[in-house]
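Take a look at the structure below.
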Amino acid sequence: MDFDDDARLDASQVEDARGLPIGGMALGGGTIGVIALIAALVFDVDPSQILGGESGESGSAPPANSLSSKCRTGADADQSEDCRIVGVVNSVQAYWKQEFADSGRTYPVARTRLFSGATSTACGNATSAVGPFYCPGDKRVYLDLGFFEELHAKFGAKGGPFAQAYVVAHEYGHHVQDVLGTMRKVGDDRQGASSASVRLELQADCYSGVWAKHAVRTGFFNKPFTDRDIAEALDAAQAVGDDRIQERARGRVDPESFTHGTAEQRKRWFSTGYATGEPSRCETFAGGI
Ligand SMILES: [Zn+2]
């Protein structure tokens with residue numbers, strides 16, 4: 001992954017809330033209103049331990065954006081992890097903006113908030129244990145960069161810059177689903193190998209692949225992604241498959257509790273998006289998955 005040195009980054013799309021107190025954090029109660037990259041059960045914690053408290057923007061004030069002075073160009077994105085996230089967020093949203101425009105729609109830009117440890121969201125308070133997630137209530141992607149170390153250490157992924165890009169693009173896939181109304185299809189069908197939850201997640205993986213296919217055209221990168229880049233994404237997608245996670249955490253696999261799809265499915269749907277570049281081919285809600 002090689003950014004165009006002269007590409008202009010828009011750091012206003014990423015808020016830096018790391019190190020800020022979240023204030024009034026109350027754990028327990030509440031339900032998960034967020035759409036995470038991975039299943040909460042991986043950590044063997046009760047979901048009520050992860051999220052809870054009052055909904056609403058009750059926590060910290062909007063953070064001052066320290067990234068805008070640091071992350072100005074593609075050269076900065078090649079140098080620093082923070083700026084690389086900005087660059088990927090910019091590219092992913094540039095793609096969807098164009099894709100929406102091509103079909104006469106307007107894409108609403110969604111911010112990513114970097115946090116460390118815990119954060120307050122319109123979906124309740126969240127700790128890093130939930131992994132990267134999207135909150136429909138405030139239309140934000142939440143990311144603790146420490147997750148990427150866990151992705152390697154706990155989930156056995158090789159990691160790498162493109163593994164991060166896959167995750168960011170997956171979360172923005174959820175934003176697209178939110179905007180298009182697809183998210184409402186999940187309803188109470190939140191678990192099981194062919195549940196709506198799994199279908200939603202696999203579609204977000206597919207959307208991540210669609211972005212990867214078109215990323216060079218967004219103007220943020222010098223050249224198409226390499227096989228090695230794509231291999232990092234596929235490896236990460238497999239590492240967060242429900243079966244892999246359950247096998248690692250519990251030594252057995254229970255398809256009835258799947259929420260995100262198997263390693264094979266996650267890899268395959270990312271690949272479908274990448275091969276076709278067509279969001280309409282991410283038809284995970286119709287037929288077999
Ligand atoms: Zn997801």
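Residue 100 contributes about 10 Å² of solvent-accessible surface, heavy atoms of the protein only, 1.4 Å probe. Taking each of 154/213; 158/267; 70/213; 97/154 in turn, the alpha-carbon distance tops 25 angstrom for 154/213; 70/213; 97/154. Between amide H atoms placed 1.01 Å from N, distances below 5 Å from residue 124 occur with 56, all of them 5 or more places distant or on a separate chain. Working note: Karplus 6.51/-1.76/1.60 with θ = phi - 60° gives region 68-76 the couplings 5, 7, 8, 10, 10, 9, x, 4, 5 Hz, where Gly and Pro are set to x. Annotation: Cα Rg of region 103-262 relative to the compact-globule expectation 2.2 N^0.38 Å equals 1.04. Considering every alpha-carbon pair of the chain, the percent of pairs per 10 Å bin, from zero through the bin containing the longest distance, is 7, 31, 39, 21, 3. Over region 184-289, the alpha carbon radius of gyration divided by the compact-protein estimate 2.2 N^0.38 Å works out to 1.12.
Among 76, 227, 144, the residue with the largest mean-square fluctuation in a Gaussian network model of the chain, with springs joining Cα atoms closer than 10 Å, is 227.
The values are calculated or read from the model by the stated rules, or taken from the named source; none is laboratory data. Keep in mind that what you see is a predicted model, and the values were worked out from it rather than measured. Keep in mind that these areas ignore ligands, DNA and RNA; they rest on the heavy atoms of the full protein, side chains included. Shrake-Rupley method; radii C 1.70, N 1.55, O 1.52, S 1.80 Å.
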